[in-house]
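To start, the structure under review is shown below, and the notes come after it.
The values are calculated or read from the model by the stated rules, or taken from the named source; none is laboratory data. What you see is a predicted model; the values in this text were computed from it and never measured. All Cβ positions, glycine included, derive from the backbone under ideal geometry; neighbour counts span all protein chains shown.
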Amino acid sequence: MVEFKLPDVGEGMHEGEIVKVLVRTGESVQQDQPLLEVQTDKVNAELSAPVTGIIREIFISEGETVEVGTTLLVIDAGTEAKAEETKLPEKVVNPDKTVNFAPARADHRRSLATPYVRQLAREMKLDIELVTGTGAAGRVTEEDLRQFANRLQKSAPAKFPTSATGNERQLEESTVPIGTEPVVQPKTGTATRAATSSQGDIERLPLKGIRKKIAEHMVKSVTIIPHVTSVDELEMDQLRALREKIKPHADKRNIKLTFLPFFIKALVIALKEFPTLNASIDERTNEILLKRFYHIGIATDTPEGLIVPVIKDADHKSIFQLAEEIDQLARLAREGKLTMEHITGGTFTISNVGPIGGLQATPIINHPEVAIISLHKMEKRWVVREDEGVIRWMMNLSLSFDHRLIDGVTAVRFTNRIKELLEDPNLLFAEMV
Amino acid sequence: MVVGEVAVETDVVVIGGGPGGYAAAIRLGQLEKSVVLIEKEVLGGVCLNRGCIPSKALIHTAGEYHKLSSLNKLGIQLPTGKATFHMPSWQTWKSSVVDQLNKGVDYLCQANNVTVVKGKATFLSSDRIGVETGNDFETYKFKQAIIATGSRPYIPSFLKTDGEYILDSTDMLALDEVPETLAIIGGGYIGMELGMAFAKLGSQVTIIEATEHILPQTAAHLSQEVLKQAKQLGMTVKIATKVEQAEVANGSVTLVCTSEKNGSESITVHKTLVTIGRVPNTGELGLAQVGVEMDERGYIPVTSTGSTNKSHIYAIGDVTPGPALAHRATKQGIVAAEVIAGLPSSVDSPYVPYVIFTEPQIAGVGMTREEAELQGHKVKAAVFPYRANGRALAMDEGEGFAEVIVDQESHLLLGMHVVGADASNLIGEGVLALELAARVEDVALTMHPHPTLSEVWLEAAEAVLGHAIHVVNKSKVAVSK
Ligand SMILES: Cc1cc2nc3c(=O)[nH]c(=O)nc-3n(C[C@H](O)[C@H](O)[C@H](O)COP(=O)(O)OP(=O)(O)OC[C@H]3O[C@@H](n4cnc5c(N)ncnc54)[C@H](O)[C@@H]3O)c2cc1C
């Protein structure tokens, strides 16, 4: 028997939420076969079987939060699927006695539903185990299935771009599809129709999984950090022209060149000049930690919710290197394959709601960082240049900063600097390391 | 055309006409598949011809006969002289019951366009099957096949059954007289059911069971009630005792048994019944031709759709690992048929109910208390005794109890078990409740008709909640105001 405990899947985590149990009691598993999905601070990790054998007992259920080191299940190593059903107590071949009438695999932790609803789920090709029940004691109702199916249908094209072109377009046009705003919907989670006649249907979604973590994190951020947001607008024509020029070279090397690497570059240069924006506050010791490394988080919209993969040492990377890394991280994020390594250690976050739209926002700072920038829609606007109305590609930028540490003046100077660098990319190159 | 050279084509062949096979064939017919059902003996399989039905016919008869002796207490006076039992008449009646059911199955097969072929089937290749039908040999070419050949009694080599002194359950149910003394090797459900029936009919019965418990499949506190009754019926129950040797001489059988407690001893009886398990009928099917995998005991492992390792070959019922019960076979058969017809069916329920027609009967579904605890549940459980149920007393059936096991936190029902009169019918409510994922309150709040035995569930559920009406509640914790 092998006791399978919750390992420390990420640095310093001490607990995780069991998002999904992929096996059942009595099931045989191969070594490395996924057993469970746990959700730690911000990653979903798949835990796989350390050995080949039979799942003897499962001690946890979905939705439960358990501490590192807790025994999650027991695997009977060395027995295979068939051996399980065939295992004989010593000598006599005696089904009467070896087969218990009430099979121990009567594991009630499977999702609760009536036989009819189960049948319906099969007909609708839905995995009933993924549907959160809203019925009594968490029973999955017929309505739950329909809501779940609706949601899948609605969210599927947007969140799982199946065609390669869809993917590419999204990456190219903008940068990484992201948002600090809660633009994502939880993938799982089912709605109840708690209908009221006068107000129409109300959907109730359970707050769980990554969404719940995001919620907790956001609450923490806004309760601790006094947020101030300042907004500015950038003229993007030169940068657009530059990108057009470089793009063919990037294409040749199979690199998807978006605007984001340029932003990161400008940001890093500005951060070096305004060290209090690349800092954090240690609330316990009342110390300011100025960071001399530049790990830039890029808030990314994934099917699972908002995740912030981090580009480490952004100041040491070329535009092309950054572009490649963003592409790679975005892919991992969408596939839910980010590890703790990918999402921790950021010093500053960029959120890009541009592809979605919006003029300005109050992005919430990714605690313990002290500032966050969100980039908005790039669009042609009438602007006045040398007393003349002209059309330019404009983009707004919102900076939220921690007013404990950063004053309004500093913040505006900081965005001014970014503005300067991006509006005239030649400067950017002049400053680049 | 030489028969055997040209294969008859069909969508599906079903091999074996037991409760698994015929249900599958009928369902396939309903779903407009062409289907050939091959049965080497009689439709209905073990269940109808040699198992469930004949044994329950005997058990019912024995029960009625046995009751006669207690009728006096109820004021019924029988004419003087002892009632007698005429086994040949019983055989005639039993055959009429079985016949009627056989005809029913036959008729239903016809009505659903199932071609029934009588003969012994063997796989020739992965899409052809040969059938020996008397003097002929026919071949069928199929797209899918369902193996439903069932099981037969397991008889160890030193206990050769001879149909006269050393019997299997089939022989036992074909007897024309009640043996004066009867030893039963194996205290499982078949042994205990038949043993108690014969004891009621007048046999002096000795049960010899190798493990520590009779009815080892069930929880000890349930089988305890049966053990009590067995003793009252004058049966001898030897547990932890093994039969080493059997010898037939002078019209009787002598069994040499050993146990740690009594060492070696021998008993001599008129007849011996061997019921120590069943083995699947998979040996002569030519499964190797198709590459269908079996385990070392000969069972065919299947998925929840009934599919074997060969995706177009299905196996259902007693040939698959799991409890050898007719209702499981039927469910698997229907699911396999539906899956073949493209419907999204699955045997995905852990709730396989069991019924044991002993005295008293035992029936249950879901987990026992021990199993639930083993699975990590915090358990709340309560029992309600038959003797507190009005109907039970009015029926002179005060023995037994119903037990309800629930998860302490969610109050979801985890298991329902009952030992007592008519437990076999009462468990239907339990199966439904568990399948519907009911909470104990759901049972407690459902109005149960009075006076009926079904009220034992109501009261057991209320007892879990701490407010049963007809017993003093041990736990007052859950009393809600
Ligand atoms: C005494 C006794 C009492 C029982 N009581 C109960 C009970 O109360 N409740 C309960 O649920 N179960 C009971 N059972 C068990 C029940 O009978 C079996 O679980 C059930 O019959 C299994 O159904 P099946 O369709 O798998 O196979 P079977 O009923 O065994 O049918 C298989 C059929 O296949 C045929 N066959 C085999 N090989 C071939 C071949 N090569 N070609 C063609 N045909 C073939 C056989 O002739 C047989 O008719 C009892 C069994 C016994 C022996």
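Among the candidates B:GLY75, B:GLY17, B:GLY81, B:GLY29, which residue alone is more than 16 Å from the ligand (Cβ to nearest atom), of a type outside the set (Lys, Arg) and closer than 25 Å to B:VAL339 by Cβ? Give the steps one after another, and end with the answer.
Details: B:GLY75 fails: closer than 25 Å to B:VAL339 by Cβ; B:GLY17 fails: more than 16 Å from the ligand (Cβ to nearest atom); B:GLY81 fails: closer than 25 Å to B:VAL339 by Cβ.
B:GLY29 is the lone residue from the list that is more than 16 Å from the ligand (Cβ to nearest atom), of a type outside the set (Lys, Arg) and closer than 25 Å to B:VAL339 by Cβ.
I want to confirm something. Restricting to the range B:32-61 and keeping residues that are of a type in the set (A, V, I, L, M, F, W, C) and within 6 Å of the ligand (Cβ to nearest atom), which single residue is nearest to the chain's Cα centre (by Cα)? Write out each step before concluding.
Filtering the range B:32-61 for residues of a type in the set (A, V, I, L, M, F, W, C) gives B:35-38, B:42-43, B:46-48, B:52-53, B:57-59.
Keeping just the survivors that are within 6 Å of the ligand (Cβ to nearest atom) gives B:38, B:46-47, B:52.
Numbers: B:ILE38: 23, B:VAL46: 11, B:CYS47: 8, B:CYS52: 6 Å.
Among those residues, the one meeting the criterion is B:CYS52.
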| said: Restricting to the range B:96-121, name every residue that is over 30 Å from B:VAL12 (Cα atoms) and within 16 Å of the ligand (Cβ to nearest atom). | reply: B:VAL97
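Please find, within the range B:347-369, the residue that is surrounded by the fewest Cβ atoms within 10 Å (Cβ to Cβ) out of those that are within 26 Å of B:GLY188 (Cβ to Cβ) and more than 16 Å from the ligand (Cβ to nearest atom).
The first filter runs over the range B:347-369 and keeps only residues within 26 Å of B:GLY188 (Cβ to Cβ), leaving B:347, B:349-369.
Keeping just the survivors that are more than 16 Å from the ligand (Cβ to nearest atom) gives B:350, B:366-369.
Numbers: B:PRO350: 21, B:GLY366: 26, B:MET367: 31, B:THR368: 26, B:ARG369: 18.
If we take residues in the range B:347-369 being within 26 Å of B:GLY188 (Cβ to Cβ) and more than 16 Å from the ligand (Cβ to nearest atom), then B:ARG369 is surrounded by the fewest Cβ atoms within 10 Å (Cβ to Cβ).
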| request: Inspect all residues belonging to the range B:136-152 and state whether any of them is among the hydroxyl-bearing types (Ser, Thr, Tyr), touching a Pro at 6+ places or on another chain (Cβ under 9 Å) and within 14 Å of chain A (Cβ to nearest Cβ). | output: yes
| Members of the range B:173-192 found to be part of a helix (DSSP H, G or I) and surrounded by fewer than 24 Cβ atoms within 10 Å (Cβ to Cβ), listed by number | B:LEU173
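How many of the residues making up the range B:130-146 are within 9 Å of the ligand (Cβ to nearest atom) and crowded, with 22+ Cβ neighbours inside 10 Å?
Here the count works out to 1.
Here's a check for you: in the range B:277-294, which residue that is away from the ligand (no atom under 12 Å from the Cβ) and crowded, with 20+ Cβ neighbours inside 10 Å is farthest from the other protein chains (Cβ to nearest Cβ)?
If we filter the range B:277-294 for residues that are away from the ligand (no atom under 12 Å from the Cβ), which is where we start, we get B:288-294.
Retained after the next criterion (residues that are crowded, with 20+ Cβ neighbours inside 10 Å): B:290, B:292, B:294.
Details: B:VAL290: 17, B:VAL292: 12, B:MET294: 9 Å.
The qualifying residue farthest from the other protein chains (Cβ to nearest Cβ) is B:VAL290.
Table: residues versus (1) under 26 Å from A:PHE274 (Cβ atoms); (2) among the aliphatic types (A, V, I, L, M); (3) at pLDDT below 95.
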position: A:MET378; (1), (2), (3): yes, yes, yes
position: A:GLU388; (1), (2), (3): no, no, yes
position: A:LEU397; (1), (2), (3): yes, yes, yes
position: A:PHE401; (1), (2), (3): yes, no, no
position: A:ASP407; (1), (2), (3): yes, no, yes
position: A:LYS419; (1), (2), (3): yes, no, no
position: A:LEU428; (1), (2), (3): yes, yes, yes
| task | Write out, first by first residue and then by second, each pair whose Cβ atoms fall under 8 Å of each other, whose residues are 6+ apart or on separate chains, and whose first residue, in the range A:201-221, is modelled with pLDDT under 75 while the second is of a type outside the set (Asp, Glu) and assigned to a helix (DSSP H, G or I). | result | A:GLU203/A:GLN147; A:LEU207/A:ALA215
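With the condition being within 30 Å of A:ARG284 (Cβ to Cβ), I'd like the helices (runs of 4 or more DSSP H) fully within the range A:323-433 carrying at least 1 qualifying residues. Before the answer, list the steps.
On the way: elements: A:340-343, A:408-423, A:425-431.
Here the list reads A:340-343, A:408-423.
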| request: Write out, first by first residue and then by second, each pair whose Cβ atoms fall under 7 Å of each other, whose residues are 6+ apart or on separate chains, and whose first residue, in the range B:312-335, is within 11 Å of chain A (Cβ to nearest Cβ) while the second is within 6 Å of the ligand (Cβ to nearest atom) and of a type in the set (D, E, K, R). | output: B:ALA324/B:ASP318
| note | Flagged in the range B:322-333 as surrounded by 24 or more Cβ atoms within 10 Å (Cβ to Cβ) and more than 6 Å from the ligand (Cβ to nearest atom), in numbering order, are B:GLN332, B:GLY333
| Residues that are assigned to a loop (DSSP other than H, G, I, E, B), crowded, with 17+ Cβ neighbours inside 10 Å and out of contact with any Phe, Trp or Tyr (no Cβ under 6 Å at 6 or more places or on another chain), drawn from the range A:127-153 | A:THR132, A:GLY133, A:THR134, A:GLY135, A:ARG139, A:VAL140, A:THR141
| Which ranges mark the helices (runs of 4 or more DSSP H) fully within the range B:389-481 that have 2 or more residues being of a type in the set (Asp, Glu)? | B:423-435, B:440-444, B:455-464
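Filter the helices (runs of 4 or more DSSP H) completely within the range B:1-79 down to those with at least 2 residues that are under 22 Å from B:LEU124 (Cα atoms).
B:19-30
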| request: Look at B:ALA315 and say whether it is at pLDDT 95 or above, within 10 Å of the ligand (Cβ to nearest atom), touching a helix residue (DSSP H, G or I) at 6+ places or on another chain (Cβ under 9 Å) and farther than 14 Å from B:ALA145 by Cβ. | output: no
| request: Would you check if there is a residue in the range B:150-165 being over 22 Å from B:PRO19 (Cα atoms), part of a strand (DSSP E or B) and in contact with a Ser or Thr (Cβ under 8 Å, 6 or more places away or on another chain)? | output: no
| said: Can you tell me which condition B:LYS378 does not meet? The list is (1) touching an Asp or Glu at 6+ places or on another chain (Cβ under 7 Å); (2) basic (Lys, Arg); (3) touching a residue at least 60 places away in the same chain (Cβ under 8 Å), and all the others hold. | reply: (3)
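Using the structure shown, decide if B:ALA372 is more than 8 Å from chain A (Cβ to nearest Cβ), more than 27 Å from B:VAL36 (Cα to Cα) and buried (at least 23 other Cβ atoms within 10 Å of the Cβ).
Numbers: more than 8 Å from chain A (Cβ to nearest Cβ): yes; more than 27 Å from B:VAL36 (Cα to Cα): yes; buried (at least 23 other Cβ atoms within 10 Å of the Cβ): yes.
Yes.
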| task | State whether one or more residues within the range B:199-221 are within 14 Å of the ligand (Cβ to nearest atom), surrounded by 18 or more Cβ atoms within 10 Å (Cβ to Cβ) and away from chain A (no Cβ under 14 Å). | result | no
| field | Single residue of the range B:336-345 satisfying the filter (touching a helix residue (DSSP H, G or I) at 6+ places or on another chain (Cβ under 6 Å) and within 13 Å of chain A (Cβ to nearest Cβ)) that is nearest to the ligand (Cβ to nearest atom) | value | B:SER345
| query | Which of the residues spanning the range B:163-189 are among the hydroxyl-bearing types (Ser, Thr, Tyr), more than 14 Å from every other protein chain (Cβ to nearest Cβ) and either at positive phi or within 15 Å of the ligand (Cβ to nearest atom) (or both)? | reply | B:THR170
| query | If B:GLY45 passes every condition in (1) of a type in the set (Gly, Ala, Ser); (2) modelled with pLDDT of 95 or more; (3) closer than 22 Å to B:GLN361 by Cβ but one, which one does it miss? | reply | (3)
| request: Count, please, the residues in the range B:252-280 that happen to be in contact (Cβ under 8 Å) with a residue 60 or more places away in the chain and of a type outside the set (Ser, Thr, Tyr). | output: 13
